[in-house]
Amino acid sequence: MKILIAEDDVLSRTFLLEFLQDYGSCDTADNGMETIDKYLEAFKSGEPYDLMCLDIMMPKVDGLMVLKLIRELESRQKVEAARQVKIIMMTAIADMEYVDQAFEQGCDAYASKPIEIDQVKEVLQDLGLVS
């Protein structure tokens with residue numbers, strides 16, 4: 001599995017990297033622009049990401065905009081739903097409006113911070129990425 005961890009908080013990014021590298025190859029990004037760049041590079045190379053952990057509140061471009069841009073690209077490129085990157089939105093914000101917006105724009109799951117390993121494992125199982 002190819003994974004992109006888009007998280008500006010060093011501790012959260014390191015935690016996710018240490019946990020998720022057991023499931024596949026991991027790349028990281030610490031802002032929205034870098035996330036978009038890495039996603040596009042992987043997509044154009046024919047080796048797209050299978051999973052993206054995407055923080056909602058990131059510098060330069062927020063996670064909701066990153067999500068929107070990725071789903072628009074997949075739609076324009078006619079990527080089948082089953083082959084689209086699975087996106088887990090992550091945030092410490094308890095505001096359900098952000099969560100609702102993320103689901104409206106096509107995220108696959110939501111995880112609140114602080115991130116708990118069991119919660120992420122359950123989400124990975126629910127998305128069919130691990131057994």
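The values are calculated or read from the model by the stated rules, or taken from the named source; none is laboratory data. Nothing here was measured: the structure is a model prediction, and the numbers come from that model. When we count neighbours, we look across all protein chains shown, and the Cβ atoms used for this are built from the backbone with ideal geometry, even at glycine. Accessible surface is based on the protein model in full, side chains and every heavy atom, while ligands, DNA and RNA are left aside. Shrake-Rupley method; radii C 1.70, N 1.55, O 1.52, S 1.80 Å.
For the chain, what proportion of DSSP beta bridges, expressed in % and rounded to the nearest 5, is antiparallel? List each step's numbers first, then the result.
Values: 0 of 18 bridges.
Percentage antiparallel, nearest 5: 0.
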Excluding same-chain residues fewer than 8 positions from Lys60, which lysines have a Cα within less than 22 Å of its Cα? Lys38, Lys68, Lys113
Candidates Leu69, Leu20, Leu54, ranked by Gaussian network fluctuation over the chain, Cα under 10 Å, top entry: Leu69
Based on Cβ point charges of +1 for Lys and Arg and -1 for Asp and Glu, what charge dipole magnitude is obtained for the chain about its Cα centre, in debye rounded to the nearest 20? 480 debye
With every protein chain kept in place and a 1.4 Å probe, the chain has an accessible area per residue in Å² of 54 Å²
Quick check for you: which residues of the range 42-72 have the amide N under 19 Å from the point 7 Å beyond the Cα of Lys2 toward its beta carbon? 42-54, 67, 69-72
Carbon plus sulfur, as percent of the 1.4 Å-probe accessible area of the chain, comes to 48 percent
In whole angstrom, note down how far apart the Cα centers of the range 103-131 and the range 7-46 are. 15 Å
Where the Cα atoms of the range 41-130 are projected onto their three principal axes, how long is each span, largest first, in whole Å? 34, 31, 21
Listed residue (Ser12, Asn31, Met96) projecting farthest to the positive dipole end of the chain, Cβ model: Asn31
Rounded, prolate or oblate: which one fits the range 21-66, using the alpha carbon gyration tensor with axes a ≥ b ≥ c (rounded when a/c is under 1.5, else prolate when a/b beats b/c, else oblate)? oblate
List the longest stretch of the chain that has no exposed loop site; here a site is one of the GluC sites (Glu not before Pro) assigned by DSSP to anything other than H, G, I, E or B, with at most 16 other Cβ within 10 Å. 1-79
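Suppose the chain between Asp9 and Met65 were pulled fully straight at 0.36 nm per residue; how much longer would it get relative to their current alpha carbon spacing?
Gain on stretching Asp9 to Met65: 18.3 nm.
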